[in-house]
Amino acid sequence: MPNSATPTHCPYCALQCGMNLTPQQDGGVAVVERPDFPVNKGALCGKGRTAPAVLAQGVRLTSPLVRSGGTLVPASWDEALDRIAEGLGRTRTEHGPDACGVFGGGGLTNEKAYSLGKFARIVLGTSQIDYNGRFCMSSAAAAGIKAFGLDRGLPFPLEDIPKTGCVILVGSNLAETMPPSLRYFSELRENGGKLIVIDPRRTRTAEQADLHLAPRPGTDLALALGLLHLVVAEGRVDEEYVQERTVGWEEARAAAMAHWPEYVERITGVSVPQLRETVQLFCEPEHAMVLTARGPEQQSKGTDTVGAWINLCLATGRAGRPLSGYGCLTGQGNGQGGREHGQKADQLPGYRKLDDPAARRHVAEVWGVDPDSLPGPGRSAYELLDALGTDIRALLLMASNPVVSAPRAAHIEERIRSLDFLAVCDVVLSETAELADVVLPVTQWAEETGTTTNLEGRVLLRRRAITPPEGIRSDLEVMHELAARLGGEKGLEKGFPTDPEEVFEELRRASAGGPADYSGITYRRLVEENGVFWPCPAPAAVHDGSAGSQDSQDSEDASLDALAGADDPTRDAETDAPTDGTDDAVHPGTPRLFLDRFATPDGRARFVPVSHRAVAEEPDDEYPVLLTTGRVVAQYQSGAQTRRVDELNNAAPGPFVELHPRLAARLGAAEGDPVAVISRRGRAVAPARITTGIRPDTVFMPFHWPGEGRANTLTNPALDPTSRMPEFKACAVRVEAVKS
Ligand SMILES: Nc1nc2c(c(=O)[nH]1)N[C@H]1C(S)=C(S)[C@@H](COP(=O)(O)OP(=O)(O)OC[C@H]3O[C@@H](n4cnc5c(=O)[nH]c(N)nc54)[C@H](O)[C@@H]3O)O[C@H]1N2
Ligand SMILES: Nc1nc2c(c(=O)[nH]1)N[C@H]1C(S)=C(S)[C@@H](COP(=O)(O)OP(=O)(O)OC[C@H]3O[C@@H](n4cnc5c(=O)[nH]c(N)nc54)[C@H](O)[C@@H]3O)O[C@H]1N2
Ligand code: SF4
Ligand SMILES: [Mo]
């Protein structure tokens, strides 16, 4: 057995902390420090440290399961795969390809996400594929594409943060959601920079801030507009920058001028002096940044909200300049890469658009299929889940647990139960897997190789450190086997290699020339360079004209070539194969975007004219309180993995309702008493956690648990019109003490 440590990355969040794994005598693996990885320099949170616990027998799935007489029983791989092929195949024959749905996840490696998108389109022939990232950063992605022509979470590395002058963190609780990243913000403050946190709760992150604004949930759009109003009123607009590098200022300015500070104070609950102080702290230093996370994004107006924050950056000349800019803190392990390579309803690999004829031609050629055979765009995640049992009769689900994590979860659970056929690939028996007809046990991070792209746009190699137990296969092997069974004579399985590097080589070609160009990246480079930032075109990458800004159907190769520093706009379609990345002309990757130009056709950023609008469900007499939801440090997402780790469960054993003492007193509830939270969609019960750190008009619940305390029983699936993001962060509820 190899005794040496394998450098790799954490299975959980988008920070993708580096860690070393050392095999143990018992076949397990120990996490040890990996100080050479620059993002976390050895630091890990409790989830990363304890991740090997989920590799253990007794915790994970070790055999395929099939439903027999109403219960799930162990079965052979052949039987399980045959059942899936039969379930999907019959649905396709009887109801057409779009009756088969596919649901993926931002935890999947690039190779898996790429293969899943390809599998849906060429094996099943369905347009009905989307993934949980729609619930995550889709609003920021949509706003970034509108304004900058390109969506990459952070346009700069985290190492730039300590060197800027001021950071506004909007709705991010990174002290709990990415603890090792806190270091960058402490260093910022040590260097004299200012940190402003905007959150309805005084979180552990807000406690670190120089200024904490606590707006009413769902009002960040008005807040940003009020700040922009003050920027104009106080003569702080960077006119030269606006003139040179942007378009659309006049309209955006007019919209902001309609949002008087006093009006904004009434909407948000943030006082005019606090608004003024924010503008002062943000505008005084030479450089400043705005970073958003799920707080302002998971709203039915998340795209406009992020747009308003970007407008603030643009008006003050704080985008596309060193040490300044707007960024989104992506969430899942491969939240960034997972949204680039084709598991999204409207997308092809390389962040290409499915309805762009040139993109279809390029990808169809790599896949060896007729472009006309590729289906068009499908439904977004919530709409897809809502159609289960009606238009969509069978579902293949990989790396998500919607029974816990989808909005209006009781309804979605009922939709899932009404399916003719459900197949789930997972590492554990999640609440959603429990409802499946077939469950396939798959390999985990430490047992397989693959790439992820972290929140900075840095592509990383996760490496296999141990051998998976007998009876476990990888998601790639599952797709290969299903392609063989469903493709019949066509031999489609040849398009689904089981070796991740082989998949990555194909992904390079499929992404070549697209906005998220990985063609210059190789596994070898990822090891040698500790990751490479995209875009990273191969020196002679194929260019068929399908590259371009993401908001444009027209080919706009020029903008991305300049952006990525590619020096040969007349690249030859003959040289389709990427080079091995070892010659002298290797592209260094792109840690910092937009410094010379934005990825729009004219190179200028675009202001978007936006105006305040209310949350989809305003409180009223019957439901007078706003519920917002989020995370705690010791649990991850639906909790499917972390609820199985003792140390994490001891730290965060169950759900709770955070509420202000004034609200608690009105209910007659004491600390720890069960309280019921009731919305138009259902009722959840959890112990009260009383704190002055939350607004009296708001309650907060973490969403990591199923059952009685499931926060998503309550949440509102009102969707953002552009990103189709549900409003996880604000819905109207009534809170009651539960009589025992
Ligand atoms: N421990 C842990 N870490 C994680 C995860 C996890 O599940 N657990 N998940 C990962 C993933 S996928 C993601 S997406 C990230 C999410 O990372 P974050 O966005 O930091 O996490 P959340 O707790 O969802 O939301 C952040 C904050 O938004 C605040 N908020 C609520 N409503 C509003 C509002 O209307 N406006 C504003 N400004 N703020 C509001 C909440 O009070 C909360 O403190 O975390 C990643 N890291
Ligand atoms: N109320 C409320 N709800 C929310 C949010 C919120 O803030 N509030 N946040 C939303 C956000 S940002 C997100 S990202 C979603 C996340 O919610 P989910 O999509 O449910 O995410 P996870 O719980 O991470 O589920 C991943 C599942 O895949 C399994 N898995 C892990 N790795 C692999 C793999 O490589 N292959 C396969 N086949 N399976 C794997 C895990 O065991 C787990 O069961 O929740 C959303 N829901
Ligand atoms: S911060 Fe994220 S990547 Fe780092 S150890 Fe924790 S969960 Fe893993
Ligand atoms: Mo997320």
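The values are calculated or read from the model by the stated rules, or taken from the named source; none is laboratory data. On a predicted model such as this, the values are computed, not experimentally measured, just so you know. Methodologically, a virtual Cβ is constructed for each residue, glycine included, from the backbone with ideal geometry; neighbour enumeration extends over all protein chains shown. Side chains are part of the model used for accessible areas, which takes the heavy atoms of the whole protein and leaves out ligands, DNA and RNA. Shrake-Rupley method; radii C 1.70, N 1.55, O 1.52, S 1.80 Å.
Values computed for the structure shown
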item	result
Dimensions (Å) - region 64-131, Cα atoms, principal axes, largest first	33, 31, 19
Solvent-accessible surface ranking, highest first, for Thr71, Thr628, Thr93 at 1.4 angstrom	Thr93, Thr71, Thr628
Charge sum, other residues only, whose C-beta stays under 12 Å from Ala484's C-beta, Lys/Arg counted +1 and Asp/Glu -1	-3
Length released on extending from Glu239 to Glu251, taking residue separation times 0.36 nm less the Cα-Cα span	2.8 nm
Taking the chain and dividing mean pair separation by its residue count, relative contact order in percent (alpha carbons under 8 Å, at least six apart)	18 percent
Descending semi-axes in whole angstrom, ellipsoid equivalent of region 198-290, from the Cα gyration tensor	24, 16, 11
In range of the label at Glu501: residues from region 455-483 whose backbone nitrogen is under 13 Å from the point 7 Å along Cα→Cβ	463-464
Accessible surface, per residue, of the chain when the full set of protein chains is kept, probe 1.4 Å, Å²	33 Å²
Cα-based convex hull volume of region 625-737 per residue, rounded to whole Å³	103 Å³
Share of carbon and sulfur in the accessible heavy-atom surface of the chain [1.4 Å probe, %]	47 percent
Protein-only accessible surface order, largest first, of Arg710, Arg393 at 1.4 Å	Arg393, Arg710
Label-point separation in nm, Thr691 to Arg613, each point 7 Å along Cα→Cβ	3.2 nm
Region 139-328 - percent relative contact order, Cα under 8 Å, separation 6 or more	31 percent
Beta bridges per DSSP with both ends in the chain, % antiparallel, nearest 5	50 percent
Among 19-30, 407-418, 516-527, the order from most to least packed when residues are scored by Cβ within 10 Å on average	516-527, 407-418, 19-30
Long-range amide H partners of Leu429 with built H, under 5 Å	Leu61
Dmax and Rg, reported as Rg then Dmax, of the chain (C-alpha, Å)	24.6, 75
Virtual paramagnetic centre 7 Å along Cα→Cβ of Arg204, amide N under 17 Å, in region 642-664	642-643, 647-656, 658
3J(HN,Hα) from dihedral phi, region 182-198, Karplus parametrisation 6.51/-1.76/1.60, rounded to Hz, x for glycine, proline	4, 3, 5, 7, 5, 5, 4, 6, 4, 7, x, x, 10, 10, 10, 10, 10
Gap separating the Cα centres of region 106-155 and region 178-197, nearest whole Å	30 Å
Whole-angstrom gap from region 377-442 to region 518-536, using each part's C-alpha centre	34 Å
Summed residue charge, Cβ within 12 Å of Tyr636's Cβ, Lys/Arg positive, Asp/Glu negative	+3
Additional length obtainable on full extension of the chain from Lys739 to Glu622, 0.36 nm per residue less Cα span	40.1 nm
Cα-based convex hull, region 139-328, per residue volume (Å³, whole number)	102 Å³
Region 708-726 and region 628-697: distance between their alpha carbon centers, rounded to Å	18 Å
Computed lengthening from Ala258 to Glu284, 0.36 nm per intervening residue step minus Cα-Cα distance	6.9 nm
Peptides ranked, highest mean first, by Cβ atoms within 10 Å: ranges 133-143, 158-168, 697-707	133-143, 697-707, 158-168
Out-of-range pairs (alpha-carbon distance over 25 Å; input Lys41/Lys112; Lys194/Lys301; Lys112/Lys490)	Lys41/Lys112; Lys194/Lys301
Mean ellipticity per residue at 222 nm, deg cm²/dmol - from DSSP H runs of n ≥ 4 across the chain, formula -39500 (n - 2.57)	-8000 deg cm²/dmol
Long-range amide H partners of Val29 with built H, under 5 Å	Gln24
